[in-house]
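Below is one structure, written out as structure tokens, with a few remarks after it.
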Amino acid sequence: MSSAQYINGLLHHLGEQLELEDLELDETGFCGLELEDLNLQINMELVDEADLFCLHTDLGEYYPREQDSLFPMLLEANLYHQQTDGATLAIDSQRNQVVLCLTRAIQELRDYPQFEKLVQGFIESSSQWAEKLDTMG
């Protein structure tokens, strides 16, 4: 079974749990999950050549005037991943976006319960950070 087939099996099961049809990777290895109630777009990608599964989401726009207070807070939150549930906060300076990302080797995703816990934890961290950043701006 290829990595894409394996991930698609996990995504199909997740889609059933969320009552979503056709939750699967496209031909480029990308799958987007729109969470309207949380105002989040969770992006999932398979980096096939490296056998990695990546989750990432934009948390909100930042402005240059906020850098002095925002950047130290993001760095501190990344320390030991204590405030990010294992994910990493970063900035995309080309788009002025704060981004949360998480990468795991495919072999670490042993079964559906572990995959669901990973995705659910990422969604919860994303929601918390998006809300925190929204209250700052």
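The values are calculated or read from the model by the stated rules, or taken from the named source; none is laboratory data. None of the values given here were measured: they were computed from a predicted structure. Here the Cβ positions follow ideal geometry from the backbone for every residue, glycine too, while neighbour counts run over all protein chains shown.
Here are the numbers for this structure:
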| item | result |
| --- | --- |
| Out of Leu133, Leu52, Leu35, sole residue that is over 20 Å from Glu24 (Cα atoms) and in contact with a strand residue (DSSP E or B) (Cβ under 9 Å, 6 or more places away or on another chain) | Leu133 |
| Residue in segment 89-102 that is acidic (Asp, Glu) and either touching a helix residue (DSSP H, G or I) at 6+ places or on another chain (Cβ under 7 Å) or modelled with pLDDT of 95 or more (or both) present | yes |
| Condition broken by Asp37, with the remaining ones in (1) of a type outside the set (Lys, Arg); (2) modelled with pLDDT of 95 or more; (3) out of contact with any helix residue (DSSP H, G or I) (no Cβ under 7 Å at 6 or more places or on another chain) satisfied | (2) |
| Residue count for segment 104-137, restricted to those that are part of a loop (DSSP other than H, G, I, E, B), in contact (Cβ under 8 Å) with a residue 40 or more places away in the chain and surrounded by fewer than 12 Cβ atoms within 10 Å (Cβ to Cβ) | 1 |
| Selection from segment 55-103 of residues that are part of a loop (DSSP other than H, G, I, E, B), loosely packed, with under 15 Cβ neighbours inside 10 Å and among the charged types (D, E, K, R) | Arg95 |
| Within segment 1-42, tally of residues that are of a type in the set (Asp, Glu) and at positive phi | 2 |
| Selection status of Gly15, small (Gly, Ala, Ser) and touching a strand residue (DSSP E or B) at 6+ places or on another chain (Cβ under 6 Å) | no |
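One line per residue, one yes/no per condition, for (1) among the hydrophobic types (A, V, I, L, M, F, W, C); (2) on the phi > 0 side of the Ramachandran plot:
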site: Pro72; (1), (2): no, no
site: Asn78; (1), (2): no, no
site: Asp85; (1), (2): no, yes
site: Ser93; (1), (2): no, no
site: Cys101; (1), (2): yes, no
site: Leu109; (1), (2): yes, no
